[in-house]
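Peer 1: Before we start, here is the structure in question, set down as structure tokens.
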Amino acid sequence: MQFIDLISQKNRIRAALLQRIEAIVDHGQYIMGPEVAELESRLAAYTGARFCVSCSSGTDALLMPLMAKGIGPGDAVITTPFTFIATAEVISLVGATPVFADISPGTFNIDPDRIADAVALARERGLNPKALIPVDLFGLPADYDRLEAVAADHGLWILEDAAQSFGATYRNRRAGSFGLAAATSFFPAKPLGCYGDGGAVFTDDEELDFLLRSVRVHGSGVDKYSNDRIGINGRLDSIQAAVLLEKLVIFDEELSSRQRVAEAYSSRLKGRLVVPEIPEGSVSAWAQYSLLASGEEERASIMDRLRMGGIPSVIYYKIPLHLQKAFAFLGYREGDFPVSEEMSRRVFSLPMHPYLPDEEIGKICSVIASCF
């Protein structure tokens with residue numbers, strides 16, 4: 001059984017995709033070719049953002065707005081410790097300091113009520129709080145109404161980490177349309193993924209759009225050999241854009257199928273484990289379907305039983321960022337973020353993709369039921 005089935009999806013788009021790839025081979029514009037401009041236009045229209053700047057990875061999509069806004073030494077950026085390291089890694093890469101705020105237990109997303117404490121801690125440490133990076137974890141958008149209000153109160157601009165949530169909605173707005181900028185990832189396992197690395201930044205701010213396009217190509221000015229600022233090599237390959245263009249054709253249908261899988265899981269597993277909580281007004285993209293066991297022992301028992309049945313399962317994330325060795329210099333200790341720490345001891349994820357058949361869902365749920 002596959003945790004994520006990319007082969008069935010590939011078979012659906014194979015003919016059209018090969019035509020696009022052949023066209024790229026013929027025109028020879030392998031990096032930032034016409035497919036990239038077409039993709040940016042399509043992605044912007046899909047999210048409702050005014051501008052889309054594609055790039056070479058989801059990590060670069062997070063890094064580029066921080067660089068464009070001049071975030072650096074002495075600055076603090078508030079974010080969650082319950083996420084993949086890239087979210088906080090980019091803060092350190094620009095020389096700023098990550099300051100963490102705990103999550104809400106029901107949604108796994110950053111708790112708006114914890115932002116003020118993080119801002120106060122940053123100032124106590126002599127830092128200047130500049131930005132907030134909420135994460136739309138597992139495909140569920142964060143609570144942006146509350147986050148935008150608290151960010152405004154503290155003078156923070158928001159960079160939405162939508163690496164896992166492309167296609168999701170919050171109060172009828174698409175993920176990728178919140179904050180000053182939003183970043184997403186096209187890593188193959190994401191809801192919309194390419195066949196390598198890729199990412200995109202969305203914004204309604206015209207000046208930021210200009211700066212992002214400069215940062216993406218070594219800080220280029222009037223041309224690539226005129227460099228106005230420090231940048232990166234963050235360009236997207238044309239073939240990856242072609243893959244994403246063909247996947248966009250079937251994307252909404254796949255989102256509906258993901259919802260079907262999630263509903264089937266929840267209806268069968270509710271009462272045995274804690275199933276995902278989707279707040280009213282939100283629709284998840286279901287990048288992952290994540291459950292909560294009662295503790296580490298129960299989780300290990302369930303995952304062992306699944307493994308023996310040939311069923312893959314994964315823990316996202318077993319070590320919160322404040323306890324990672326890479327961030328030891330921040331001085332956090334166990335107990336500082338109790339919700340994130342508890343979730344890391346209980347959470348695990350089941351196979352989730354649009355092509356998961358009912359019989360496999362039934363098998364997975366039966367194996368889990370046998371543990372109780």
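The values are calculated or read from the model by the stated rules, or taken from the named source; none is laboratory data. Just so you know, these numbers come straight off a predicted model, no measurement behind them. Cβ: placed from backbone, ideal geometry, glycine included. Neighbour counts: every protein chain shown. Ligands, DNA and RNA are stripped out before the accessible areas are found, and what is left, the full protein with its side chains, is counted by its heavy atoms. Shrake-Rupley method; radii C 1.70, N 1.55, O 1.52, S 1.80 Å.
Peer 1: Could you check the stretch 83-180 for strands (runs of 3 or more DSSP E) lying wholly inside it with 1 or more residues that are within 19 Å of residue 341 (Cβ to Cβ) and either modelled with pLDDT of 95 or more or under 17 Å from the mean Cα position of the chain (by Cα) (or both)? Working first, answer last.
Peer 2: Values: elements: 97-100, 128-133, 157-161.
It comes to 97-100.
Peer 1: Would you call residue 22 in a helix (DSSP H, G or I), among the charged types (D, E, K, R) and either open to solvent by less than 20 Å² (accessible area, probe 1.4 Å) or closer than 30 Å to residue 178 by Cα (or both)?
Peer 2: Numbers: in a helix (DSSP H, G or I): yes; among the charged types (D, E, K, R): yes; either open to solvent by less than 20 Å² (accessible area, probe 1.4 Å) or closer than 30 Å to residue 178 by Cα (or both): no.
No: the conditions fail for residue 22.
Peer 1: So which of 54, 41 ends up being open to solvent by 10 Å² or more (accessible area, probe 1.4 Å) and within 22 Å of residue 16 (Cβ to Cβ)?
Peer 2: Working: 54 fails: open to solvent by 10 Å² or more (accessible area, probe 1.4 Å).
Only one candidate qualifies: 41.
Peer 1: Search the stretch 255-279 for residues being touching a residue at least 24 places away in the same chain (Cβ under 8 Å) and of a type in the set (D, E, K, R), and hand back the single one that is surrounded by the fewest Cβ atoms within 10 Å (Cβ to Cβ).
Peer 2: 277
Peer 1: State which residue is modelled with the lowest pLDDT when the search covers only the stretch 190-247 and only residues that are over 30 Å from residue 3 (Cβ atoms) and acidic (Asp, Glu).
Peer 2: 223
Peer 1: Condition test on residue 223, is it part of a loop (DSSP other than H, G, I, E, B), farther than 30 Å from residue 119 by Cβ, touching a Ser or Thr at 6+ places or on another chain (Cβ under 8 Å) and among the acidic types (Asp, Glu)?
Peer 2: Working: part of a loop (DSSP other than H, G, I, E, B): yes; farther than 30 Å from residue 119 by Cβ: yes; touching a Ser or Thr at 6+ places or on another chain (Cβ under 8 Å): no; among the acidic types (Asp, Glu): yes.
For residue 223, the condition - part of a loop (DSSP other than H, G, I, E, B), farther than 30 Å from residue 119 by Cβ, touching a Ser or Thr at 6+ places or on another chain (Cβ under 8 Å) and among the acidic types (Asp, Glu) - is not met.
Peer 1: Of everything in the stretch 171-195, what is buried (at least 22 other Cβ atoms within 10 Å of the Cβ) and among the hydroxyl-bearing types (Ser, Thr, Tyr)? Give them in sequence order.
Peer 2: Listed by number, the residues that qualify are 177, 184, 185.
Residue by residue, here is whether (1) in contact with an Asp or Glu (Cβ under 9 Å, 6 or more places away or on another chain); (2) surrounded by fewer than 23 Cβ atoms within 10 Å (Cβ to Cβ); (3) touching a residue at least 24 places away in the same chain (Cβ under 8 Å) holds:
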| site | (1), (2), (3) |
| --- | --- |
| 60 | yes, no, yes |
| 67 | no, no, yes |
| 73 | no, yes, no |
| 81 | yes, no, yes |
| 89 | no, yes, yes |
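Peer 1: Now a separate question. Quick check, is residue 206 on the phi < 0 side of the Ramachandran plot, surrounded by fewer than 17 Cβ atoms within 10 Å (Cβ to Cβ) and touching a residue at least 24 places away in the same chain (Cβ under 8 Å)? Spell out the reasoning first.
Peer 2: Details: on the phi < 0 side of the Ramachandran plot: yes; surrounded by fewer than 17 Cβ atoms within 10 Å (Cβ to Cβ): yes; touching a residue at least 24 places away in the same chain (Cβ under 8 Å): yes.
So residue 206 fits the description; yes.
Peer 1: How about the stretch 26-58: which of its residues are farther than 26 Å from residue 227 by Cβ, in contact (Cβ under 8 Å) with a residue 12 or more places away in the chain and aliphatic (A, V, I, L, M)?
Peer 2: 43, 44, 49
Peer 1: Does the stretch 51-74 hold any residues that are in a strand (DSSP E or B) and either out of contact with any Ser or Thr (no Cβ under 7 Å at 6 or more places or on another chain) or basic (Lys, Arg) (or both), and which are they?
Peer 2: In the first step, residues of the stretch 51-74 are kept if they are in a strand (DSSP E or B); the result is 51-55.
Result: 52, 53, 54, 55.
Peer 1: Moving on to the next point. When you look at residue 287, is it open to solvent by less than 80 Å² (accessible area, probe 1.4 Å), in contact with a Phe, Trp or Tyr (Cβ under 7 Å, 6 or more places away or on another chain), assigned to a loop (DSSP other than H, G, I, E, B) and over 20 Å from residue 40 (Cα atoms), yes or no? Break it down into steps so the answer makes sense when it comes.
Peer 2: Working: open to solvent by less than 80 Å² (accessible area, probe 1.4 Å): yes; in contact with a Phe, Trp or Tyr (Cβ under 7 Å, 6 or more places away or on another chain): yes; assigned to a loop (DSSP other than H, G, I, E, B): yes; over 20 Å from residue 40 (Cα atoms): yes.
Judged against the criteria, residue 287 is a match.
Peer 1: Only one of 304, 252 is open to solvent by 20 Å² or more (accessible area, probe 1.4 Å), in a helix (DSSP H, G or I), without any contact (Cβ under 8 Å) to a residue 40 or more places away in the chain and not small (Gly, Ala, Ser); which?
Peer 2: On the way: 252 fails: without any contact (Cβ under 8 Å) to a residue 40 or more places away in the chain.
The match here is 304.
Peer 1: Could you list, in sequence order, the residues of the stretch 32-50 that are among the hydrophobic types (A, V, I, L, M, F, W, C), assigned to a helix (DSSP H, G or I) and more than 20 Å from the chain's Cα centre (by Cα)?
Peer 2: Listed by number, the residues that qualify are 36, 37.
Peer 1: What pairs can you find where one residue is in the stretch 109-125 and open to solvent by 100 Å² or more (accessible area, probe 1.4 Å), the other is of a type in the set (Ser, Thr, Tyr), and their Cβ atoms are less than 8 Å apart, with a gap of 6+ or different chains?
Peer 2: From residues that are open to solvent by 100 Å² or more (accessible area, probe 1.4 Å), the pairs are 125/97.
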